[in-house]
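Chemist: A single structure is presented below for examination.
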Amino acid sequence: GSSLEPEEHSMEPPAVPEEEMPLTAASGPAGCQLFGYVGIEAVLDQMKIKTMKTGFEFNIMVVGQSGLGKSTMVNTLFKSKVSRKASQPGQEERIPKTVQLQSITHVIEEKGVKMKLTVTDTPGFGDQINNENCWDPIIKYINEQYERYLREEILITRKRKIPDTRVHGCVYFVPPTGHWLRPLDLEFMRRLSKIVNVVPVIAKADTLTLEERAEFKQRIQEDLKTHAISVYPQEDFDQDPDDRALNDRIREKIPFAVVGADQEHQVNGKRVLGRKTKWGIIEVENPAHCEFPLLRDLLIRSHLQDLKDITHNVHYESYRVRRLNESNRP
């Protein structure tokens, strides 16, 4: 008679559809997937709070002949008087007989984030009749900063945070001649690109027309490729496909044709940084006028941490390996 009983009186519980199954804390073998909020992304907030408290360091070097606007360019980058000129207003600027390096350190704070900025200027570079080995003081200074960091690092009792004075980026100012690169420019970038991140720029690009600027940039790119000079960002260090695509677009624009200005002018009711001429105002932050915004984005907004990482993991590492090999030789 059990076969005549209706199905709703069956003792077995009805099957629950798969979509109505209650979610458990773990699913799959050995609980590989978690359901619900855990809070892992809070690590980013912790890192941000810690970085804002301690701050970070960024060291930049500007190299070029006198009168190319190196100090003005640095002031324009950070929108503050972080680089002072060698002479007082109204006095004749004295050109040093040799390359002298001057470092200025400032603490810049923006939206609660502190940055210890060190700007190293190189007055006297390329200003003499005989410029033989004028890059030696610059190479010596960069290696001295690596040596200082290495000595702190190999101590038995090290500091929790080693002071970082290493040069993270070197902005090289090319004179706006409109021709090819000079032998001095080629030799400097060939030597310095092996120990530091070199970013070449065309100084005072407002002295060139748009056609002259494009032709000059193409000639410089050909010179760099012919002499196998690897400037930043280097192709050898592109690992992520997204980074490679971004750096390829940047490499097409290098060297950046920049114009520096630390004075504001009134344009269409707005205060803008620019250079006033008889025929108008050259706006520094306008991409249609110059490529200064591209340089600022590269150095500060998009690649600042990458500059520091390549300095530590590539340039400093090669110096450390060489020095330790020298010390281990009998």
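The values are calculated or read from the model by the stated rules, or taken from the named source; none is laboratory data. Bear in mind the structure is a predicted one, so any value in this text is a computation, not a measurement. We place every Cβ from the backbone using ideal geometry, glycine too, and count neighbours over all the protein chains shown. Note: accessible area is taken over every heavy atom of the protein model, side chains too, but ligands, DNA and RNA are not part of it. Shrake-Rupley method; radii C 1.70, N 1.55, O 1.52, S 1.80 Å.
Chemist: Could you run through region 221-230 and say how many residues are surrounded by fewer than 19 Cβ atoms within 10 Å (Cβ to Cβ) and either touching a Cys at 6+ places or on another chain (Cβ under 6 Å) or β-branched (Val, Ile, Thr) (or both)? It would help to see each step written out before you state the result.
Modeler: Start the filter on region 221-230 by keeping residues that are surrounded by fewer than 19 Cβ atoms within 10 Å (Cβ to Cβ), which leaves 221-223, 225-228, 230.
Okay, now just the ones that are also either touching a Cys at 6+ places or on another chain (Cβ under 6 Å) or β-branched (Val, Ile, Thr) (or both), so 226.
So the count comes out to 1.
Chemist: Of the conditions (1) surrounded by fewer than 10 Cβ atoms within 10 Å (Cβ to Cβ); (2) in a loop (DSSP other than H, G, I, E, B); (3) modelled with pLDDT of 80 or more, GLY67 satisfies every one except a single condition; which number is it?
Modeler: (1) is the only condition that GLY67 fails.
Chemist: Any residue at all in region 262-276 that is over 21 Å from the mean Cα position of the chain (by Cα) and more than 26 Å from GLU110 (Cβ to Cβ)?
Modeler: Scanning region 262-276, I find at least one residue that is over 21 Å from the mean Cα position of the chain (by Cα) and more than 26 Å from GLU110 (Cβ to Cβ), so the answer is yes.
Chemist: Of the residues that sit in region 210-241 and are aliphatic (A, V, I, L, M) and out of contact with any helix residue (DSSP H, G or I) (no Cβ under 9 Å at 6 or more places or on another chain), which one is modelled with the highest pLDDT?
Modeler: Keep residues of region 210-241 that are aliphatic (A, V, I, L, M), which gives 210, 214, 220, 224, 228-229, 231.
Applying the additional criterion that residues be out of contact with any helix residue (DSSP H, G or I) (no Cβ under 9 Å at 6 or more places or on another chain) yields 210, 214.
Working: LEU210: 88, ALA214: 92.
This residue is ALA214.
Chemist: Only one of (1) open to solvent by 10 Å² or more (accessible area, probe 1.4 Å); (2) in contact with a helix residue (DSSP H, G or I) (Cβ under 6 Å, 6 or more places away or on another chain); (3) within 26 Å of MET73 (Cβ to Cβ) fails for HIS168. Which number is that?
Modeler: Unmet for HIS168, out of (1) open to solvent by 10 Å² or more (accessible area, probe 1.4 Å); (2) in contact with a helix residue (DSSP H, G or I) (Cβ under 6 Å, 6 or more places away or on another chain); (3) within 26 Å of MET73 (Cβ to Cβ): (1).
Chemist: Can you tell me how many residues within region 170-214 are under 12 Å from PRO255 (Cβ atoms) and in a strand (DSSP E or B)?
Modeler: So the answer is 9.
Chemist: Specify the residue that is modelled with the highest pLDDT; the eligible residues are those in region 70-102 that are under 18 Å from LEU184 (Cβ atoms) and over 20 Å from the mean Cα position of the chain (by Cα).
Modeler: Of all residues in region 70-102, those under 18 Å from LEU184 (Cβ atoms) come to 70, 95-101.
So of that shortlist, the ones also over 20 Å from the mean Cα position of the chain (by Cα) come out as 95-101.
Details: ILE95: 51, PRO96: 56, LYS97: 53, THR98: 59, VAL99: 70, GLN100: 74, LEU101: 85.
Selected residue: LEU101.
Chemist: Within region 138-152, does at least one residue satisfy the condition of being polar (S, T, N, Q) and modelled with pLDDT under 85?
Modeler: Filtering region 138-152 down to residues polar (S, T, N, Q) leaves 143, 145.
Add one more test, that the residue is modelled with pLDDT under 85, and what stays is none.
Among the residues of region 138-152, not one is polar (S, T, N, Q) and modelled with pLDDT under 85, which makes the answer no.
Chemist: Oh, and also: What's the total number of residues in region 107-162 that are within 20 Å of ARG320 (Cα to Cα), outside any loop (DSSP other than H, G, I, E, B) and open to solvent by 90 Å² or more (accessible area, probe 1.4 Å)?
Modeler: The number of residues fulfilling the criteria is 3.
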